Amino acid sequence: MGETSDIRPTSEFHARNFATADVDRLVEGLDAQDAADGVRRLRAWAQNALDPRPGEHVIDVGSGTGTQTLALAAAVAPSGDALGIEANPVMREVAERRATAAGSPARFLDGDALVLPVPDATVDVVWCERVLQHLSEPDKAVGEIARVLRPGGRVALIDSDWGTALLHPGDPDTVAALTAGVLAMAANPYSGRRLLSQLTDAGLVVDDQGSQALIQDSGTVTWPLVRMMAESSVRSGLMTDAQRDRLYADLTEAAERGALHMSVTMFAVVAHRPV
(Lines give C-alpha, C1' and ligand atoms only; values in the text may rest on other atoms or scores of the structure.)
Protein backbone atom coordinates (compact mmCIF):
# COMPACT_ATOMS: atom_id res chain seq x y z
CA MET A 1 0.00 0.00 0.00
CA GLY A 2 2.82 2.39 0.84
CA GLU A 3 4.18 2.41 -2.70
CA THR A 4 1.35 4.51 -4.16
CA SER A 5 1.52 8.26 -3.84
CA ASP A 6 -2.22 8.87 -3.43
CA ILE A 7 -2.48 7.06 -0.06
CA ARG A 8 -2.69 9.17 3.08
CA PRO A 9 0.47 9.00 5.21
CA THR A 10 -1.60 7.72 8.12
CA SER A 11 -4.98 6.04 8.31
CA GLU A 12 -8.22 7.66 9.38
CA PHE A 13 -8.00 5.81 12.69
CA HIS A 14 -4.46 6.99 13.46
CA ALA A 15 -4.45 8.90 16.76
CA ARG A 16 -2.82 12.01 15.29
CA ASN A 17 -5.76 12.41 12.88
CA PHE A 18 -8.33 12.75 15.66
CA ALA A 19 -9.42 16.24 16.63
CA THR A 20 -9.42 16.99 20.34
CA ALA A 21 -13.21 16.71 20.45
CA ASP A 22 -13.07 13.20 19.00
CA VAL A 23 -10.32 11.77 21.18
CA ASP A 24 -12.75 10.69 23.91
CA ARG A 25 -14.40 8.44 21.34
CA LEU A 26 -11.03 6.97 20.41
CA VAL A 27 -10.05 6.46 24.05
CA GLU A 28 -13.34 4.67 24.68
CA GLY A 29 -12.64 2.32 21.79
CA LEU A 30 -9.05 1.66 22.89
CA ASP A 31 -10.15 0.96 26.46
CA ALA A 32 -12.67 -1.57 25.19
CA GLN A 33 -9.96 -3.26 23.13
CA ASP A 34 -7.59 -3.29 26.11
CA ALA A 35 -10.21 -5.24 28.04
CA ALA A 36 -10.71 -7.83 25.27
CA ASP A 37 -9.55 -11.32 26.16
CA GLY A 38 -7.82 -11.77 22.81
CA VAL A 39 -5.75 -8.60 23.20
CA ARG A 40 -4.79 -9.59 26.75
CA ARG A 41 -3.73 -13.07 25.63
CA LEU A 42 -1.60 -11.85 22.72
CA ARG A 43 0.02 -9.14 24.84
CA ALA A 44 0.84 -11.66 27.57
CA TRP A 45 2.36 -14.04 25.02
CA ALA A 46 4.44 -11.30 23.39
CA GLN A 47 5.66 -9.84 26.69
CA ASN A 48 6.66 -13.31 27.89
CA ALA A 49 8.56 -13.91 24.64
CA LEU A 50 10.29 -10.51 24.93
CA ASP A 51 11.19 -11.14 28.58
CA PRO A 52 11.80 -7.50 29.62
CA ARG A 53 14.05 -7.50 32.69
CA PRO A 54 14.76 -5.15 35.59
CA GLY A 55 17.19 -2.43 34.56
CA GLU A 56 16.41 -2.52 30.84
CA HIS A 57 15.45 0.46 28.67
CA VAL A 58 12.12 -0.07 26.89
CA ILE A 59 10.18 2.06 24.40
CA ASP A 60 6.53 1.66 23.40
CA VAL A 61 6.08 3.08 19.88
CA GLY A 62 2.59 4.52 19.45
CA SER A 63 1.77 4.15 23.14
CA GLY A 64 -1.77 5.54 22.98
CA THR A 65 -3.40 5.54 26.41
CA GLY A 66 -0.26 3.98 27.91
CA THR A 67 -1.73 0.67 29.07
CA GLN A 68 1.13 -1.46 27.74
CA THR A 69 3.76 1.15 28.63
CA LEU A 70 2.73 0.81 32.27
CA ALA A 71 2.98 -2.99 32.03
CA LEU A 72 6.48 -2.73 30.55
CA ALA A 73 7.52 -0.18 33.19
CA ALA A 74 6.51 -2.63 35.92
CA ALA A 75 8.53 -5.40 34.25
CA VAL A 76 11.78 -3.39 34.14
CA ALA A 77 11.36 -1.77 37.57
CA PRO A 78 12.92 -0.63 39.80
CA SER A 79 16.04 0.35 37.88
CA GLY A 80 14.76 0.22 34.30
CA ASP A 81 13.03 2.83 32.18
CA ALA A 82 9.90 2.67 30.03
CA LEU A 83 9.19 5.44 27.52
CA GLY A 84 5.94 5.72 25.56
CA ILE A 85 6.24 7.56 22.24
CA GLU A 86 2.95 9.06 21.03
CA ALA A 87 2.18 11.72 18.40
CA ASN A 88 -1.22 12.80 19.70
CA PRO A 89 -0.88 15.30 22.60
CA VAL A 90 -4.29 14.52 24.09
CA MET A 91 -3.52 10.80 24.12
CA ARG A 92 -0.24 11.57 25.88
CA GLU A 93 -2.11 13.56 28.50
CA VAL A 94 -4.44 10.60 29.10
CA ALA A 95 -1.46 8.26 29.44
CA GLU A 96 0.37 10.62 31.80
CA ARG A 97 -2.70 11.00 34.03
CA ARG A 98 -3.13 7.25 34.22
CA ALA A 99 0.55 6.67 34.97
CA THR A 100 0.41 9.21 37.79
CA ALA A 101 -2.76 7.65 39.20
CA ALA A 102 -1.14 4.20 39.11
CA GLY A 103 2.12 5.42 40.66
CA SER A 104 3.97 4.19 37.57
CA PRO A 105 7.39 5.60 36.56
CA ALA A 106 6.45 5.29 32.87
CA ARG A 107 7.22 8.45 30.86
CA PHE A 108 5.67 9.70 27.64
CA LEU A 109 7.24 11.73 24.83
CA ASP A 110 6.05 13.37 21.62
CA GLY A 111 7.38 11.43 18.66
CA ASP A 112 6.76 9.81 15.30
CA ALA A 113 7.29 6.15 14.44
CA LEU A 114 9.07 7.20 11.25
CA VAL A 115 11.61 9.35 13.10
CA LEU A 116 12.01 7.98 16.61
CA PRO A 117 13.46 10.54 19.05
CA VAL A 118 15.94 7.97 20.36
CA PRO A 119 19.72 7.58 19.74
CA ASP A 120 21.15 4.65 17.78
CA ALA A 121 21.62 1.29 19.53
CA THR A 122 20.38 2.40 22.95
CA VAL A 123 17.18 0.39 23.51
CA ASP A 124 16.88 -3.09 25.00
CA VAL A 125 13.23 -3.73 24.14
CA VAL A 126 10.79 -2.16 21.65
CA TRP A 127 7.03 -2.71 21.73
CA CYS A 128 4.98 -1.58 18.70
CA GLU A 129 1.32 -2.58 18.72
CA ARG A 130 -1.33 -1.74 16.10
CA VAL A 131 0.71 1.14 14.68
CA LEU A 132 2.07 -0.09 11.36
CA GLN A 133 -1.43 -0.60 9.92
CA HIS A 134 -1.82 3.19 10.02
CA LEU A 135 1.37 4.00 8.11
CA SER A 136 1.92 4.16 4.36
CA GLU A 137 5.66 3.75 5.03
CA PRO A 138 5.67 0.94 7.60
CA ASP A 139 9.03 -0.39 6.39
CA LYS A 140 10.60 2.91 7.37
CA ALA A 141 9.16 2.58 10.88
CA VAL A 142 10.59 -0.94 11.22
CA GLY A 143 13.93 0.39 10.01
CA GLU A 144 13.79 3.00 12.79
CA ILE A 145 13.12 0.26 15.33
CA ALA A 146 16.14 -1.68 14.06
CA ARG A 147 18.24 1.50 14.31
CA VAL A 148 17.49 2.17 17.98
CA LEU A 149 17.88 -1.44 19.16
CA ARG A 150 21.19 -2.30 20.76
CA PRO A 151 22.87 -5.54 19.59
CA GLY A 152 20.87 -8.32 21.23
CA GLY A 153 17.90 -6.00 21.76
CA ARG A 154 14.40 -7.42 21.21
CA VAL A 155 11.27 -6.17 19.51
CA ALA A 156 7.62 -7.25 19.42
CA LEU A 157 5.52 -6.11 16.46
CA ILE A 158 1.79 -6.69 16.89
CA ASP A 159 -0.73 -5.70 14.28
CA SER A 160 -4.16 -6.42 12.89
CA ASP A 161 -4.76 -7.80 9.43
CA TRP A 162 -8.03 -6.29 8.24
CA GLY A 163 -8.22 -8.74 5.37
CA THR A 164 -9.33 -11.25 8.03
CA ALA A 165 -12.25 -9.16 9.36
CA LEU A 166 -15.62 -10.96 9.72
CA LEU A 167 -19.02 -9.54 10.68
CA HIS A 168 -22.32 -11.46 10.93
CA PRO A 169 -25.28 -11.05 10.57
CA GLY A 170 -26.23 -8.25 8.20
CA ASP A 171 -27.23 -7.64 4.63
CA PRO A 172 -24.35 -9.06 2.52
CA ASP A 173 -23.97 -5.91 0.42
CA THR A 174 -23.89 -3.70 3.52
CA VAL A 175 -21.36 -5.92 5.27
CA ALA A 176 -19.22 -5.92 2.12
CA ALA A 177 -19.41 -2.11 2.03
CA LEU A 178 -18.32 -1.93 5.68
CA THR A 179 -15.42 -4.28 4.98
CA ALA A 180 -14.38 -2.21 1.98
CA GLY A 181 -14.53 0.89 4.15
CA VAL A 182 -12.28 -0.68 6.78
CA LEU A 183 -9.72 -1.66 4.14
CA ALA A 184 -9.82 1.87 2.72
CA MET A 185 -9.38 3.52 6.11
CA ALA A 186 -6.12 1.75 6.93
CA ALA A 187 -3.04 2.95 5.09
CA ASN A 188 -1.58 -0.55 5.48
CA PRO A 189 -4.62 -2.83 6.02
CA TYR A 190 -2.78 -6.15 5.53
CA SER A 191 -0.12 -5.26 8.08
CA GLY A 192 -0.39 -8.45 10.13
CA ARG A 193 0.79 -10.75 7.36
CA ARG A 194 3.74 -8.47 6.50
CA LEU A 195 5.42 -8.29 9.92
CA LEU A 196 7.73 -11.27 9.38
CA SER A 197 9.18 -10.02 6.10
CA GLN A 198 9.54 -6.47 7.41
CA LEU A 199 11.64 -7.60 10.35
CA THR A 200 13.90 -9.85 8.28
CA ASP A 201 14.31 -7.15 5.62
CA ALA A 202 15.46 -4.78 8.39
CA GLY A 203 18.23 -7.23 9.33
CA LEU A 204 16.57 -8.59 12.47
CA VAL A 205 16.36 -12.26 13.45
CA VAL A 206 12.87 -13.66 14.10
CA ASP A 207 12.52 -15.63 17.32
CA ASP A 208 8.81 -16.49 17.47
CA GLN A 209 5.40 -15.79 15.97
CA GLY A 210 1.88 -15.78 17.39
CA SER A 211 -1.67 -14.82 16.49
CA GLN A 212 -5.02 -14.28 18.11
CA ALA A 213 -8.48 -13.91 16.62
CA LEU A 214 -10.16 -11.03 18.43
CA ILE A 215 -13.70 -12.36 18.71
CA GLN A 216 -16.22 -9.92 20.14
CA ASP A 217 -18.52 -11.41 22.73
CA SER A 218 -22.13 -10.57 21.89
CA GLY A 219 -22.51 -8.97 25.30
CA THR A 220 -19.41 -6.79 25.06
CA VAL A 221 -19.32 -5.61 21.46
CA THR A 222 -17.03 -2.62 20.89
CA TRP A 223 -19.84 -0.39 19.62
CA PRO A 224 -17.63 2.72 19.31
CA LEU A 225 -15.46 0.84 16.83
CA VAL A 226 -18.48 -0.42 14.88
CA ARG A 227 -19.84 3.12 14.67
CA MET A 228 -16.49 4.55 13.60
CA MET A 229 -16.27 2.01 10.77
CA ALA A 230 -19.85 2.48 9.64
CA GLU A 231 -19.75 6.28 9.73
CA SER A 232 -16.54 6.27 7.72
CA SER A 233 -18.16 4.02 5.11
CA VAL A 234 -21.09 6.44 4.86
CA ARG A 235 -18.78 9.43 4.45
CA SER A 236 -16.89 7.55 1.73
CA GLY A 237 -20.10 6.86 -0.18
CA LEU A 238 -19.75 3.10 0.25
CA MET A 239 -22.89 2.83 2.38
CA THR A 240 -26.12 4.83 2.63
CA ASP A 241 -27.60 6.17 5.84
CA ALA A 242 -30.42 3.66 5.50
CA GLN A 243 -27.98 0.76 5.14
CA ARG A 244 -26.05 1.94 8.20
CA ASP A 245 -29.20 2.18 10.30
CA ARG A 246 -30.38 -1.25 9.16
CA LEU A 247 -26.97 -2.72 9.98
CA TYR A 248 -27.05 -1.22 13.49
CA ALA A 249 -30.50 -2.69 14.02
CA ASP A 250 -29.47 -6.15 12.74
CA LEU A 251 -26.32 -6.22 14.87
CA THR A 252 -28.12 -4.98 17.98
CA GLU A 253 -30.83 -7.62 17.61
CA ALA A 254 -28.22 -10.34 17.07
CA ALA A 255 -26.21 -9.18 20.08
CA GLU A 256 -29.31 -9.27 22.29
CA ARG A 257 -29.87 -12.95 21.46
CA GLY A 258 -26.18 -13.86 21.61
CA ALA A 259 -25.77 -14.43 17.87
CA LEU A 260 -23.44 -11.65 16.75
CA HIS A 261 -20.01 -12.54 15.33
CA MET A 262 -17.38 -9.84 14.90
CA SER A 263 -13.71 -10.68 14.62
CA VAL A 264 -10.34 -9.74 13.18
CA THR A 265 -7.02 -11.56 13.53
CA MET A 266 -3.99 -9.94 15.10
CA PHE A 267 -0.47 -11.26 14.47
CA ALA A 268 2.66 -10.85 16.58
CA VAL A 269 6.31 -11.42 15.71
CA VAL A 270 9.19 -11.25 18.18
CA ALA A 271 12.73 -10.69 16.87
CA HIS A 272 16.15 -9.48 17.96
CA ARG A 273 19.04 -7.50 16.55
CA PRO A 274 22.07 -9.74 15.96
CA VAL A 275 25.01 -9.25 18.28
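The values are calculated or read from the model by the stated rules, or taken from the named source; none is laboratory data. These numbers were taken from a predicted model, which means no experiment stands behind them. Using ideal geometry, Cβ is built from the backbone for each residue, glycine included, and neighbour counts are taken over all protein chains shown. For the accessible areas, the whole protein counts, side chains as well, though only heavy atoms, and no ligand, DNA or RNA atoms are used. Shrake-Rupley method; radii C 1.70, N 1.55, O 1.52, S 1.80 Å.
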Using unit Cβ charges (K, R positive; D, E negative) and no other charged atoms, how large, in debye to the nearest 20, is the dipole of the chain about its Cα centre?
420
Residue-by-residue Karplus 3J(HN,Hα) for the stretch 90-107, coefficients 6.51, -1.76, 1.60, Hz, glycine and proline x:
5, 5, 4, 4, 4, 4, 5, 4, 5, 5, 4, 5, 8, x, 8, x, 4, 10
Percent RCO, i.e. relative contact order, over the stretch 79-159, from Cα pairs under 8 Å lying at least 6 residues apart
30
With θ taken as phi - 60° and the coefficients 6.51, -1.76 and 1.60, list the Karplus ³J(HN,Hα) couplings across the stretch 162-176 in order, rounded to whole Hz; mark glycine and proline as x.
6, x, 9, 5, 10, 9, 7, x, x, 4, x, 5, 5, 5, 5
Note the full-extension length gain between Arg150 and Ala74 as 0.36 nm times their separation in residues minus their Cα-Cα distance, in nm to one decimal.
25.2 nm
In angstroms, what radius of gyration and Dmax does the stretch 163-219 have, counting Cα atoms only?
15.4, 46
Can you tell me the mean projection area, over all orientations, of the convex hull of the stretch 29-144's alpha carbons? Units nm², please.
7.1
Of Thr252, Thr69, which has the most accessible area and how do the rest follow, probe 1.4 Å?
Thr252, Thr69
Pop the C-beta distance of Ala101 and Thr122 into the FRET formula with R0 = 25 Å and round what comes out to the nearest 0.05.
0.30
Using a simple charge model, +1 on the beta-carbon of Lys and Arg, -1 on the beta-carbon of Asp and Glu, nothing else, what dipole does the stretch 29-121 show about its Cα centre, in debye to the nearest 20?
280
Using the Cα gyration tensor of the stretch 81-167, the equivalent ellipsoid's semi-axes, largest first and to the nearest Å, work out to 22, 20, 12
Give the angle, between 0 and 90 degrees and rounded to the nearest 10, that separates the Cα long axis of helix 223-235 from the longest principal axis of the Cα atoms of the chain.
70
The alpha-carbon center of the stretch 87-111 and that of the stretch 251-275 are separated, in whole Å, by 26
Between Ser218 and Ala242, 0.36 nm times their residue separation minus their Cα-Cα distance comes to what?
6.3 nm
Relative contact order (%) - criterion: Cα under 8 Å, at least six apart; region: the stretch 169-275
48
Top mean-square fluctuation among Pro89, Pro78, Pro52, Gaussian network model of the chain, C-alpha springs under 10 Å?
Pro78
Could you sort 122-129, 142-149 so that the peptide with the highest average Cβ count within 10 Å comes first and the rest follow in order?
122-129, 142-149
In vacuo Debye scattering of the stretch 195-248, one point per C-alpha: log10 I(q)/I(0) at q = 0.24, 0.25, 0.28, 0.31 Å⁻¹?
-0.90, -0.94, -1.07, -1.17
For the chain, whose charge dipole is built from +1 on Lys and Arg Cβ atoms and -1 on Asp and Glu Cβ atoms, the candidate among Ala249, Ile158, Ala46 with its Cα farthest towards the positive end is Ala46
For the stretch 49-108, what is one quarter of the convex hull surface built on the Cα atoms, given in nm²?
3.5
Mean shadow of the stretch 120-275, computed from the convex hull of its alpha carbons, in nm²?
9.5
What spacing in nm lies between the two simple spin-label points modelled at Ala259 and Asp208, each 7 Å away from Cα in the Cβ direction?
4.1
Taking θ = phi - 60°, what integer Hz values does the Karplus form 6.51 cos²θ - 1.76 cosθ + 1.60 yield along the stretch 30-46, in sequence order, with x for Gly and Pro?
5, 5, 5, 5, 4, 7, 5, 4, x, 5, 4, 5, 5, 4, 4, 5, 5
Using +1 at the Cβ of each Lys and Arg and -1 at the Cβ of each Asp and Glu in the chain, identify which of Leu149, Gly62, Met91 lies farthest towards the dipole's positive end.
Leu149
Given an 8 Å cut-off on Cα distances and at least 6 residues of separation, report the relative contact order of the chain as a percent.
23
If one computes the Cα centroid of the stretch 159-190 and of the stretch 60-77, what distance in Å separates the two points?
29
At q = 0.08, 0.10, 0.16 Å⁻¹, base-10 log of I(q)/I(0) for the chain (Debye sum, equal scatterers on each alpha carbon):
-0.32, -0.51, -1.26
